[in-house]
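No value in this document is a laboratory result; all are computed from the given coordinates. These numbers were taken from a predicted model, which means no experiment stands behind them. Because the Cβ atoms are built from the backbone with ideal geometry, glycine has one as well, and the counts that use them run over all protein chains shown.
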Amino acid sequence: MSSNSLDRNHLFIGGRWVQPVHRVRTDVVEAATEKVLGTVALGGAADIDAAVGAARTALQGPWATLSNGERADVLESFAGALKSRAKATAALVSRENGMPISLSIGANGYSPAAMLDYYAGLIRGTDVEETRVGLFGGRTVVRREPVGVVAAITPWNYPQPLAMMKIAPALAAGCTVVLKPAPETSLDAYIFADAAEEAGLPPGVLNVVPAGRDDGAHLVAHPGVNKVAFTGSTAAGRAIGETCGRLLRPVTLELGGKSAAIVAADADLAEFAAGLAEVSLVNNGQTCHASTRILAPRSRYDEVVDAVTETVRALRVGDPLERNTDVGPLVSAAQRERVLGYVEAGRAAGYRISVGGGVPADQPQGWFVEPTVFVDVDNSATIAQEEIFGPVLTITPYETEDDAVAIANDSEYGLGGTIWTSDEAHGYELAARVETGTVGVNHYALELAAPFGGVKSSGLGRELGPEGLAPYFRSKSVYFKDR
Ligand code: NAD
């Protein structure tokens, strides 16, 4: 075990830093150096019980009696406390999971505060109750009540925004939260606790308990939890969905993806190439919505292959803390093994690699994988069907646009996707035919004010936008008779 300023030995429960009952700690290892960055306490079942208890108590306390405007003030103070930490947060996450700092500064540094500010504004403009005139007389007061205690469970790839997509609407609605971050990125989760404490969130409104899978499952099934909000793998999402189904517990699931980039015959290939790193290889490919299947028209197939190959060859692979790095290391040795396993599977199936295909020779330390492009890939191939979650792309030719749409939709997943075309109106038509929760035309960027989520095996429900606030309310109708 190391001993340095990044060691976190306590859990944040009920507004206090408490000693874990479960005396297990884990190392958080730096992706680019393979050295221990710090250690964190891992909570066990008893710690989860304590956190859920604190969250339930907080539901009964002053939090429940605040007006929407007063809660919005608290959210804005929380946002301020996160903003003042933004640069340090961004660098810490880049060290934990290898995310290039140019991405991390916005994604991990500033977007969580922006979400708090957004939901603060939204809740200020939301009525707690509305009166409806009855169709057959009488009137009904429809109340929006907080759903209760929320279990928020998050992965390591975008740890700050994915947690805040749950925390911000939950707090805005008047819920309380137990956050269980992934062990790989638990150090940065403590920043939420630091900022919540500084901002004066009432005790128990936000509790932070890093823990492993089994204790995550304990949290999901806990009788004191009213709603589960999960982001992570489809396998874990199915297990969590099954538990919530049995308990009839509301759940939102943001899961995996295998999105397609449809390059239309009229696409501006320079624009496509310029957007490729951001859309298809974002966060070293460790991004659920990345457009990793590139579908190219037969009429321009060689041009597309050349554009992708040359763009990927020019990417700068290296230290995630350098501002000009395009591709950093993967989060862990296990993740690199998994990604290299897929590269071998693609080779073994006979697919040609136009660039990459191994570990960069000039990166002796860190879990780097060369950005890799497979060409002439049949969409039925394992590398085109399964989520690789690393910097690996496939290119598949298509004959007609109907074929392109059919190939895009021939996937277990349905999270993201992009259309590349010189004709935006036509891009919109194609976007409407793609079976996913989100599609970008000539770019792809999450919009905080618009719903994000998947269909098919990519999940259930939506986060962000007003749609992301709704699941944290339950409505109650109070009927009054005619007078
Ligand atoms: P994971 O599912 O293994 O773990 C995610 C989180 O869930 C971790 O905190 C983990 O400890 C916890 N967990 C795992 N099994 C659990 C269970 N049965 N009960 C309760 N908690 C459990 O995923 P990962 O490897 O950390 O992340 C990568 C995956 O997440 C990829 O498949 C990726 O596509 C997906 N992802 C999806 C989105 C999205 O918004 N759709 C965003 C980011 C990542």
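Of note:
- Per-residue [θ]222 nm for the chain (sum of -39500 (n - 2.57) over DSSP H runs n ≥ 4, rounded to 500): -11500 deg cm²/dmol
- The range 174-314 - Rg and Dmax from Cα coordinates, angstrom: 21.0, 62
- Using the alpha carbons alone, the radius of gyration of the range 430-483 stands to its Kirkwood radius in an Rg to Rh ratio of 1.22.
- Globularity index of the chain, i.e. its alpha-carbon radius of gyration over 2.2 N^0.38 Å: 1.00
- Note on the range 265-374: with charges restricted to the Cβ of Lys and Arg (+1) and Asp and Glu (-1), its dipole about the Cα centre is near 400 debye.
- Cα lying deepest toward the dipole's positive end in the chain, options T243, H443, Q19, charges on Cβ: Q19
- Taking other C-beta atoms within 10 angstrom as a stand-in for reagent exposure, E463, E412 fall in the order E412, E463, fewest first.
- Ranked by the mean number of other Cβ atoms within 10 Å of their residues, highest first, the peptides 183-192, 333-342 come out as 183-192, 333-342.
- Taking every Cα-Cα distance in the range 94-221 and sorting them into 10 Å bins from zero, the calculated P(r) comes out as 12, 37, 29, 13, 7, 2, 0 percent.
- In terms of packing, defined here as the mean over residues of other Cβ atoms within 10 angstrom, the peptides 52-63, 119-130 line up highest first as 52-63, 119-130.
- The amide H of T292, built 1.01 Å from its N in the peptide plane, has S259 as neighbours under 5 Å, considering only residues 5 or more places off or on other chains.
- Positive-end ranking of L393, A72, V305 along the dipole of the chain, with charges on Cβ about the Cα centre, is headed by A72.
- Start at zero, step by 5 Å, and the Cα-Cα distances of the range 116-170 spread as 4, 15, 17, 17, 15, 11, 8, 6, 4, 2, 1 percent across the bins.
- Global size of the range 297-430 as Cα Rg and Dmax, reported in angstrom: 16.0, 48
- Computed from backbone phi, the HN-Hα couplings of the range 288-297 come to 4, 9, 4, 7, 8, 9, 9, 9, 10, x Hz, rounded to whole numbers (Karplus: 6.51 cos²θ - 1.76 cosθ + 1.60, θ = phi - 60°; Gly and Pro given as x).
- Beta bridges per DSSP with both ends in the chain, % antiparallel, nearest 5: 45
- Assigned charges on the beta-carbon of Lys, Arg, Asp, Glu; the chain dipole about Cα centre (debye): 2180
- Dipole in debye (nearest 20) - the range 120-174, about Cα centre, beta carbon charges: Lys, Arg +1; Asp, Glu -1: 40
- Note: the range 361-410, Cα convex hull, 86 Å³ per residue.
- Sorted by Cβ density within 10 Å, fewest first, the residues C244, C175: C244, C175
- The range 51-95 and the range 8-39 have Cα centres spaced 20 Å apart.
- Cα centroid separation - the range 184-201 against the range 313-341, whole Å: 27
- Sequence-ordered 3J(HN,Hα) estimates for the range 369-381 from the Karplus curve with 6.51, -1.76 and 1.60 and θ = phi - 60° stand at 10, 5, x, 10, 10, 9, 10, 6, 8, 6, 5, 7, 5 Hz, glycine and proline given as x.
- For I101, I153, order by how many other beta-carbon atoms lie within 10 Å, fewest first: I101, I153
- Cα pair distances of the range 379-483 binned at 5 Å [whole percent]: 2, 10, 16, 20, 17, 12, 7, 4, 3, 3, 2, 2, 1, 0
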